[in-house]
Amino acid sequence: MTPNTFLPNNTKRSWQKKVVRLQTMMAPFAAPVPEVFRSPVSHYRMRAEFRLWHDGDDLYHIIFDQQTRSRIRVDSFPAASALINQLMTAMLEGVRNNPVLRRSCSRLTI
């Protein structure tokens, strides 16, 4: 998932597909109907990984497209928790303002 493909309106449909898939997988075992709970439509991921990309004096987060492996700039990530989004900005500022970190940091796992 990329920020460009994140569509909050699709989360309900995606969730419904996952429920049907789970029920289909469990059907041969006569499992009881699972109790399922919906996540919020945004800020539901509690972990994210970004690369830091240095472009001249500019510094920003990127992820890679899973199919093309092309770089995608990420300034915010609505699927990630609000705290992760806050930390993205804070970490960039911390790295940007510290010459040692700026030269050595290339990957952030939050």
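Values quoted throughout were computed directly from the atomic coordinates according to the rules given, and no laboratory measurement underlies them. Note that the structure is predicted; figures quoted are calculated from it, not measured. Here the Cβ positions follow ideal geometry from the backbone for every residue, glycine too, while neighbour counts run over all protein chains shown.
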Do you know the relative contact order of the chain, to the nearest whole percent, from alpha carbon pairs under 8 angstrom that are 6+ apart? 29
Can you work out the FRET efficiency for the pair Arg21 and Ala90, with r the C-beta to C-beta distance and R0 = 41 Å, to the nearest 0.05? 0.65
Computed over the Cα atoms, what is the radius of gyration of segment 8-109 divided by 2.2 N^0.38 Å, N being its residue count? 1.48
222 nm mean residue ellipticity, helices alone, for the chain (DSSP H n ≥ 4; -39,500 (n - 2.57); rounded to 500): -10500 deg cm²/dmol
So, with points 7 Å from each Cα along the Cβ direction, the Asp55-Arg69 label distance in nm works out to 2.0
Between 0 and 90°, nearest 10: helix 82-96 axis offset from the chain longest Cα axis: 20
Label-to-label distance, nm, for residues given as Arg102 and Ser14 (7 Å Cα→Cβ offset): 3.6
Stretched out fully, how many nm does the piece from Leu83 to Val41 gain, at 0.36 nm a residue minus the Cα gap? 13.6 nm
